[in-house]
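A short worksheet on the structure shown next.
Derivation of every value follows stated rules applied to the coordinates shown; laboratory data play no part. These figures come from a predicted structure and were not determined experimentally. Reconstructed Cβ throughout: ideal geometry from the backbone, glycine too, with neighbour counts over all protein chains shown.
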Amino acid sequence: MKSNTEMAIEEARINAEKYIEQMMSMDDKKLIKHLDLFRKQMEMAYKQNNKTAFELLNEYEKQTIQARMKKNFKIEKQD
């Protein structure tokens, strides 16, 4: 049986494009705050050897970076 964190990882990956599009409408300062928070939480997960939490936070961080890049550099979807 999958843990809640494992299910959240799957959901984040399945809905990545939708989440990225939503984040693109957010203020860049807010996205930067999210990145800072994710990195602090990732550090805690790493120290606690919580691999699934680290993986989930890494996915959130990756999506937030992608949203910032698409928003700030007007990057179009690649086929």
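Worth pointing out:
- In terms of overall dimensions, the range 4-73 has a Cα radius of gyration and Dmax of 12.2, 36 angstrom.
- In summary, the lysines within cross-link reach of LYS29, defined as a Cα separation below 30 angstrom excluding same-chain residues under 8 places away, comprise LYS18, LYS40, LYS47, LYS51, LYS62, LYS70, LYS71, LYS74, LYS77.
- Pairwise label distance in nanometres, GLU10 with ASN58, each label 7 Å out on the Cα-Cβ vector: 1.9 nm
- Inter-label distance, nm, simple model (7 Å from Cα along the C-beta direction), GLN48/LYS29: 3.0 nm
- Within the chain, the trypsin sites (Lys or Arg not before Pro) that combine a DSSP coil assignment with at most 10 other C-beta atoms in a 10 angstrom radius are LYS2, LYS74, LYS77.
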